[in-house]
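*Asks:* The structure follows.
The values are calculated or read from the model by the stated rules, or taken from the named source; none is laboratory data. All values derive from a computational prediction rather than experimental measurement. Neighbour counts run over all protein chains shown; Cβ positions are idealised from the backbone, glycine included. Heads up: the accessible areas ignore ligands, DNA and RNA and are worked out on the full protein's heavy atoms, side chains in. Shrake-Rupley method; radii C 1.70, N 1.55, O 1.52, S 1.80 Å.
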Amino acid sequence: MKIIGTGSALPRKQVTNDDLSKFLDTSDEWIVTRTGIRSRHVISDEKVEDLGAEAARKALADAGLQASDIDFFICSNVISEHITPGLSCIIGQQVGLTCPMIDINCACPGFIYAMDIAQTYFEAGKVNNVLIVCAEEPTRMTSWEDRATCVLFGDGAGAAVFTKGDNMKAIKLNAEPSIDKIYEHRILEPTPFITKEEDSVPLQMKGREVFRFAVSTSIRDINELLAKTGLTIEDADHFLIHQANMRIVEGIRSGLGVPEEKFPTNIATHGNSSSASCPILLDELNREGRFKKGDIIVFSAFGAGLLSAAAIMEW
Ligand code: UT7
């Protein structure tokens, strides 16, 4: 398969570190030094499905396709206001899709997990065109009193349209279940029969352990895929890493020994937008004209699960 269109959409409201320090015991200096984040887009009056639909429409327009040309739609999302139907159906209705559609919740590597599913559908001969939308609002998961967590996130949506082709050179999914590193849970509707203890907690994260997992698995995943494809690190033109934290991205870049210009980032102005971060970055670079035919793009992402994934794709 190959990418023929990209799109993205961000909430209007931008929140700076100084804005946060008005109600949190934090500072621009702490956040920038530890994370590289200076501001983030945060949902205020928008709905995450509207951002997803806008990103999808832009990706379809970029691909020169209509909604009716899409055979399969995968929506990656961790949290939204909707329990059922899935966010795919809610975005699908707005965009005018009538093909089969599914939701996945694979946290931050969701875009690469979705690409792996799409690739399998292409290889099975079941589809001609696939739409992936990653629409996320992680700012609604964190406690805004938890300074170690809420400062990290931003909201947004990214989308890509795929068609037949042999541009996907290799893809790898990895799971190391460890559910106490990043988690959140909530109480469901009460019933007259519930006797078990239940509680509701906002996003909890063991930051340092996640940091170590992210850097080590990303370097390992990328090296494995390069070895599998016979490509060298020098053959790769762009490394699109999940924008979790600038120090994580830097750790991966220096671990691989790649020059800075091959590691584009938008973390400074976007924060961590979970699975939307890779397709938003992809769209921004595409619209800047940074990709030329034949360029090798390496994707790598990691997050709750713990899950990680990587892919090597020719533009
Ligand atoms: O998609 C994957 C998602 N996960 C991530 O991206 C998280 C990866 N981990 C990280 O990015 C880092 O671990 C953090 C940025 C979350 C934290 O950085 P750290 O260097 O590991 O700091 P720490 O948690 O060890 O905290 C150091 C100190 C603590 O104070 P004490 O105990 O030393 O007095 C914290 O309370 O910094 C304090 N602190 C803050 N201070 C000012 C934590 N958050 C803040 C804050 N402002 N926002």
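*Asks:* Quick one: how many residues across the stretch 89-104 are surrounded by 16 or more Cβ atoms within 10 Å (Cβ to Cβ), free of Cβ contacts under 8 Å to residues at least 40 places away in the same chain and under 20 Å from the mean Cα position of the chain (by Cα)?
*Replies:* Summing the residues that are surrounded by 16 or more Cβ atoms within 10 Å (Cβ to Cβ), free of Cβ contacts under 8 Å to residues at least 40 places away in the same chain and under 20 Å from the mean Cα position of the chain (by Cα) in the stretch 89-104 gives 5.
*Asks:* Moving on to the next point. Inside the stretch 239-284, can you point out the residues that are open to solvent by less than 10 Å² (accessible area, probe 1.4 Å) and in a loop (DSSP other than H, G, I, E, B)?
*Replies:* Answer for the stretch 239-284, where residues must be open to solvent by less than 10 Å² (accessible area, probe 1.4 Å) and in a loop (DSSP other than H, G, I, E, B): His242, Gln243, Val258, Gly271, Ser273.
*Asks:* Tell me, which residue of the stretch 139-183 that is acidic (Asp, Glu), surrounded by fewer than 24 Cβ atoms within 10 Å (Cβ to Cβ) and within 16 Å of the ligand (Cβ to nearest atom) is farthest from the chain's Cα centre (by Cα)? Step through it out loud before you land on a result.
*Replies:* As a first pass, look at the stretch 139-183 and keep what is acidic (Asp, Glu): 145-146, 155, 166, 176, 180.
Narrowing further to those that are surrounded by fewer than 24 Cβ atoms within 10 Å (Cβ to Cβ): 145-146, 166, 176, 180.
Filter once more, keeping what is within 16 Å of the ligand (Cβ to nearest atom): 145-146, 176, 180.
Working: Glu145: 24, Asp146: 22, Glu176: 19, Asp180: 21 Å.
Among them, the one singled out is Glu145.
*Asks:* Answer with yes or no whether Arg208 is at pLDDT below 95, under 30 Å from Arg147 (Cβ atoms) and within 16 Å of the ligand (Cβ to nearest atom).
*Replies:* Here the answer is yes, as Arg208 does meet what is asked.
Okay, residues lined up against (1) at pLDDT 95 or above; (2) under 26 Å from Met168 (Cα atoms); (3) in contact with a helix residue (DSSP H, G or I) (Cβ under 8 Å, 6 or more places away or on another chain):
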{"position": "Val42", "(1), (2), (3)": "yes, no, yes"}
{"position": "Asp45", "(1), (2), (3)": "yes, no, no"}
{"position": "Arg57", "(1), (2), (3)": "yes, yes, yes"}
{"position": "Gln66", "(1), (2), (3)": "yes, yes, yes"}
{"position": "Ile102", "(1), (2), (3)": "yes, yes, yes"}
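*Asks:* Also, quick follow-up: Would a scan of the stretch 219-237 turn up a residue that is within 14 Å of the ligand (Cβ to nearest atom) and either touching a residue at least 40 places away in the same chain (Cβ under 8 Å) or assigned to a helix (DSSP H, G or I) (or both)?
*Replies:* Residues of the stretch 219-237 that are within 14 Å of the ligand (Cβ to nearest atom), as a first pass: none.
For the stretch 219-237, residues within 14 Å of the ligand (Cβ to nearest atom) and either touching a residue at least 40 places away in the same chain (Cβ under 8 Å) or assigned to a helix (DSSP H, G or I) (or both): absent.
*Asks:* State the number of residues belonging to the stretch 60-76 that are of a type in the set (S, T, N, Q) and open to solvent by less than 20 Å² (accessible area, probe 1.4 Å).
*Replies:* Here the count works out to 1.
*Asks:* For the stretch 287-299, check the following and say yes or no: at least one residue is within 16 Å of the ligand (Cβ to nearest atom), in a strand (DSSP E or B) and without any contact (Cβ under 8 Å) to a residue 60 or more places away in the chain. If you could, list the steps in order and put the result at the bottom.
*Replies:* First pass over the stretch 287-299, keeping only residues within 16 Å of the ligand (Cβ to nearest atom): 299.
Imposing the further condition that a residue be in a strand (DSSP E or B) reduces the set to 299.
If we keep only those that are without any contact (Cβ under 8 Å) to a residue 60 or more places away in the chain as well, we get none.
There is no residue in the stretch 287-299 that is within 16 Å of the ligand (Cβ to nearest atom), in a strand (DSSP E or B) and without any contact (Cβ under 8 Å) to a residue 60 or more places away in the chain.
*Asks:* Does Ile37 fit the bill of being of a type in the set (A, V, I, L, M, F, W, C) and more than 16 Å from the ligand (Cβ to nearest atom)?
*Replies:* So Ile37 does not fit the description; no.
*Asks:* A follow-up question, please. How many residues, within the stretch 126-138, are open to solvent by 10 Å² or more (accessible area, probe 1.4 Å) and over 20 Å from Ala67 (Cα atoms)?
*Replies:* 0
*Asks:* Kindly establish whether Phe302 is aromatic (Phe, Trp, Tyr), under 20 Å from the mean Cα position of the chain (by Cα) and closer than 21 Å to Asn167 by Cβ.
*Replies:* no
Here's the yes/no breakdown for (1) in a strand (DSSP E or B); (2) within 16 Å of the ligand (Cβ to nearest atom); (3) on the phi > 0 side of the Ramachandran plot:
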residue	(1), (2), (3)
Gly7	yes, no, no
Asp19	no, yes, no
Ile43	no, no, no
Leu51	no, no, no
Ala56	no, no, no
Phe73	yes, no, no
Pro85	no, no, no
